[in-house]
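Asks: Right, I'll just put the structure down here and ask away after.
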Amino acid sequence: MIWMYLLLCQSLFSSGQSAIAHEIHISKCQIAFNESEEALQISFHIFIDDLEAALRNQGADKLFLTTEREAATADTHLAAYLREKFVLKVNEQAVDYEFIGKEPSEDLQAVWCYLEITGVNSLQQLNVSSSVLMDVHHDQKNIIMVERSGKPSEFLLLTRNQPSGSLQFE
């Protein structure tokens, strides 16, 4: 079943459609374990209209993300939202991540958010809780892809009914 969501996600994210309201509510999160840097490097792909709605629900209105009119406090609000809605445990230890920054997607409909966790010298288990945008859309789905050098990617599909999951690695 996950392959259906991945195909749908890929076609949606690469279609280059105009700024029409989208009917599919999905975000994509890529987590790469960089052994040489002992870090987890995290990239989120989130639709801007949905993200701004979520931030508006928390009292941060008129942020104009990734535009020339972007509010000076946009990154602060975005980082706080992600900290609340995206939580990781690495090898059964709670970890904190640094918000590195963001940039618009090629089609300007979404934003790429970049996070990093340093000091990770091994990755045996990853627990992910992601309720990103689930406060905006009841049918929101969050795909989590974990890449490790030379290993096939592992996937989680998180929903409102199952907002967290775990992956075990050898």
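The values are calculated or read from the model by the stated rules, or taken from the named source; none is laboratory data. These numbers come from a predicted model, not from an experiment. No Cβ is skipped: glycine too gets one built from the backbone with ideal geometry, and neighbour counts run over all protein chains shown. We work out accessible area using only protein heavy atoms, side chains counted, and drop any ligands, DNA or RNA first. Shrake-Rupley method; radii C 1.70, N 1.55, O 1.52, S 1.80 Å.
Asks: Per residue of the stretch 124-138, what does 6.51 cos²θ - 1.76 cosθ + 1.60 with θ = phi - 60° give for ³J(HN,Hα)? Whole Hz please, x for Gly and Pro, Karplus curve as stated.
Replies: Coupling constants for the stretch 124-138: 9, 9, 9, 9, 10, 10, 9, 10, 4, 6, 6, 7, 9, 10, 5 Hz.
Asks: Not counting ligands, DNA or RNA, and with a 1.4 Å probe, what is D96's accessible surface area in Å² rounded to the nearest 10?
Replies: About 110 Å², ignoring ligands and nucleic acids.
Asks: For the modelled label position 7 Å from the Cα of S122 along Cα-to-Cβ, which residues of the stretch 22-52 have backbone nitrogen atoms closer than 12 Å?
Replies: What the label zone holds, given the 12 Å backbone N cut-off, is no residue at all.
Asks: Related question: Using 0.36 nm times the number of residues separating S166 and E70, minus their current alpha carbon distance, what extension gain do you get?
Replies: Computed gain between S166 and E70 is 31.0 nm.
Asks: How much length would be gained if the chain were fully extended between D49 and A94, taking 0.36 nm per residue of separation minus their Cα-Cα distance, in nm to one decimal?
Replies: Extending this stretch completely gives an extra 13.2 nm.
Asks: Using only the heavy atoms of the protein chains and a 1.4 Å probe, how would E37, E23 rank by accessible area, largest first?
Replies: The ordering from most to least exposed comes out as E23, E37.
Asks: Continuing with the same structure: Counting only protein heavy atoms and using a 1.4 Å probe, what share of the accessible area of the chain belongs to carbon plus sulfur, as a whole percent?
Replies: The computed percentage sits at 48.
Asks: Let me ask another. Just grab the label-to-label distance for E23 and M145, each label 7 Å out from Cα along the Cβ direction, in nm (one decimal).
Replies: Simple spin-label model gives 2.5 nm for this pair.
Asks: According to the Kirkwood expression over distinct Cα-Cα pairs, how big is the hydrodynamic radius of the stretch 25-115, in Å?
Replies: 14.0 Å
Asks: OK, next. Among all stretches of the chain without exposed trypsin sites (Lys or Arg not before Pro) (DSSP loop, at most 15 other Cβ atoms within 10 Å), which one is longest?
Replies: 70-159
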